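Taking it in order: structure first as structure tokens, then the write-up.
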Amino acid sequence: MDYEKIKQKVVAREINCEQAFESLAEIGYCPNLLSDDTGHWAVTFDGFQSVAMGNEPEDIVTTCFLEASNWKDSIYEALVWALHIDN
């Protein structure tokens, strides 16, 4: 499934957020789901992280770039927002 098809299926609620995240990762995207600990959610594709060097989970550092408008009241809203502005 390509990016546009994933976007279409999310907006139409034909796939859930977990399926969307997995599908995006399968085609090379690295979506980041963030919480501000006050009930707001954001999804971003912008940022950088250290590279994992092995097949086992390891410590990494991730930095994401967000604007205030990225924060939404639900994971679904945050994902739809990110998919519409990430082109």
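Every number in this text was worked out from the coordinates using simple rules, so none of it is lab data. This is a predicted model, so every value here is computed, not measured. Here the Cβ is made from the backbone with ideal geometry for all residues, glycine too, and neighbour counts use every protein chain on show.
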Quick one: dipole size for the chain, taken about the Cα centre, charges +1 on Lys/Arg Cβ and -1 on Asp/Glu Cβ, in debye to the nearest 20. 340
Matching label for the computed Rg and Dmax of the Cα atoms in Å, out of [x] 13.4, 37; [y] 34.4, 114; [z] 21.4, 69, is [x]
What residue among Trp81, Thr38, Phe21 has its Cα farthest toward the positive end of the dipole of the chain, where the charges are +1 on Lys, Arg and -1 on Asp, Glu, each on the Cβ? Trp81
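Given an 8 Å cut-off on Cα distances and at least 6 residues of separation, report the relative contact order of the stretch 3-85 as a percent. Could you put the intermediate results ahead of the total?
Working: 101 pairs, mean separation 23.3, N = 83.
Here the relative contact order equals 28 percent.
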Counting sequence-distant residues (5 or more places) and residues on other chains, those with an amide H built under 5 Å from that of Gly47 are Phe65
Quick note on Lys72, Lys7, ordering by fewest other C-beta atoms within 10 Å, gives Lys72, Lys7
Which ³J(HN,Hα) values, rounded to whole Hz and listed in residue order, are derived for the stretch 26-40 from phi using the Karplus coefficients 6.51, -1.76 and 1.60 in 6.51 cos²θ - 1.76 cosθ + 1.60 with θ = phi - 60°, glycine and proline given as x? 4, 9, x, 7, 10, x, 10, 9, 10, 10, 9, 6, 10, x, 9
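Nearest 500 deg cm²/dmol is fine: what mean residue ellipticity at 222 nm does the chain get from its DSSP H runs of n ≥ 4 alone, each adding -39,500 (n - 2.57), divided by its residue count? Please list the in-between numbers first.
On the way: 3 runs with 30 residues, N = 87.
After summing the helix terms and dividing by residue count, I get -10000 deg cm²/dmol.
For a quick check: sort Val11, Val51, Val80 by the number of other beta carbons within 10 angstrom, fewest at the front.
Working: Val11 13, Val51 7, Val80 19.
Fewest-to-most Cβ neighbours within 10 Å comes out as Val51, Val11, Val80.
Treat the count of other C-beta atoms within 10 Å as a stand-in for reagent exposure and order Phe45, Phe65 from fewest to most.
Numbers: Phe45 15, Phe65 11.
Lowest to highest Cβ neighbour count: Phe65, Phe45.
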